[in-house]
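So the structure is just underneath, and the comments pick up after that.
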Amino acid sequence: MTDPIAEVVSLLKPRPSICKLVTAGGAWLVERKELGSPFYCALVEGRCLITISGREPILLTTGDFVLVPEIFSFTMSSLDPPPRGTPAQRLETSPGVFRLGDPDASADVRAMVGHCTFGSDDKALLVSLLPQIIHLRGEDRLSRLVEMINDETRHERTAREIVLTRLLEVLLIEALRSTGGTAGPPGLLRGMADPQLAPTLRRIHEDPSHAMSVESLAEDAAMSRSSFFQRFRREVGVAPMEYSTSWRMALAKQLLRDDVATAEVARRVGYGSASAFSVAFRRHVGTSPGAYCRANFAG
């Protein structure tokens, strides 16, 4: 059975970027701006604050894990941070290992932090289906995965990049499925937690070549058209056919990048002809399939 969460993570194409071990003591604060990249942190020991731009500070304690699929500006600090503008005390004690704060103070915080990138050019769509922030407590599997990523990053082993990519995929999936439930914000996770919508989402992902309409999807969910439409938009955050079309186009882009012929792409994503697909693709993406392929291969 198709798993929409796994498909989204796979299409995002997570790639390793930075992973480091951080210790801190005394009063300290680090600030990062204009990153636009996924960020994760596993707090091994101690307590600290993370403040993401536009949000209230989050208290992290031993065993906490935080993941932000797309972060632009944030700060991490001691519970009693120094005034803003104070020069940051940051020392790289060995490759990938950093000390923050007063070097003479005892270290009371230890964390594994990392950044990665998403290789998909549809990452805006895919990230929009995920929670804006994931904060979990006591999930030992996540801490072990971050530790494995940290260890793999610092050693030049055979097939290192492949191993890191797979570990990142597992980390993302593990974080997402640990967050599943109806209490989160609208998106794919909340939709998958709904027993009537989950089969519909699986069908959209499993068989994008199948003809779909709001009526047929509502019938499969054993709901009236209006009830299904309202519930889908409330739980997933977009209308059913908007979600279906966006997913089909994300798949189409991937197939085109894999050099699949336009007519075959059209068939696989549910269009009766290459011309009908080309019209829909241009409307959604802003360029023709052929131009998209040329631009992709040129890059």
With Arg154, Arg202, Arg231 as the choices, which residue is basic (Lys, Arg) and under 25 Å from Tyr271 (Cβ atoms)? Arg202
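Name every residue in region 182-194 that is surrounded by 14 or more Cβ atoms within 10 Å (Cβ to Cβ) and closer than 14 Å to Ile134 by Cβ, in order of residue number.
Listed by number, the residues that qualify are Gly184, Gly187, Leu188, Leu189, Arg190.
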Let me confirm something: among Ala280, Ala263, Ala250, Ala276, which residue is farther than 22 Å from Leu12 by Cα, buried (at least 17 other Cβ atoms within 10 Å of the Cβ) and either in contact with an Asp or Glu (Cβ under 9 Å, 6 or more places away or on another chain) or not basic (Lys, Arg) (or both)? Ala280
Selection over region 34-68 where residues are open to solvent by 10 Å² or more (accessible area, probe 1.4 Å), touching a residue at least 40 places away in the same chain (Cβ under 8 Å) and on the phi < 0 side of the Ramachandran plot yields a count of 9
Being surrounded by fewer than 19 Cβ atoms within 10 Å (Cβ to Cβ) and of a type outside the set (Gly, Ala, Ser) is the filter here; which residues of region 75-90 pass it? Thr75, Leu79, Asp80, Pro82, Pro83, Arg84, Thr86, Pro87, Arg90
Among the residues of region 126-170, what is the count of those that are in a helix (DSSP H, G or I), without any contact (Cβ under 8 Å) to a residue 12 or more places away in the chain and open to solvent by 70 Å² or more (accessible area, probe 1.4 Å)? 3
Examine region 195-211 for a residue that is of a type in the set (Gly, Ala, Ser) and open to solvent by less than 30 Å² (accessible area, probe 1.4 Å), and state whether such a residue exists. yes
Quick check on Thr179: is it open to solvent by 30 Å² or more (accessible area, probe 1.4 Å) and closer than 23 Å to Leu11 by Cα? yes
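The values are calculated or read from the model by the stated rules, or taken from the named source; none is laboratory data. Note that the coordinates shown come from a computational prediction; the quantities given were computed from them, not determined experimentally. All Cβ positions, even for glycine, are placed from backbone atoms using ideal geometry, and neighbour counts span all protein chains on display. Quick note on the areas: whole protein, heavy atoms, side chains included, nothing else; ligands and nucleic acids left out. Shrake-Rupley method; radii C 1.70, N 1.55, O 1.52, S 1.80 Å.
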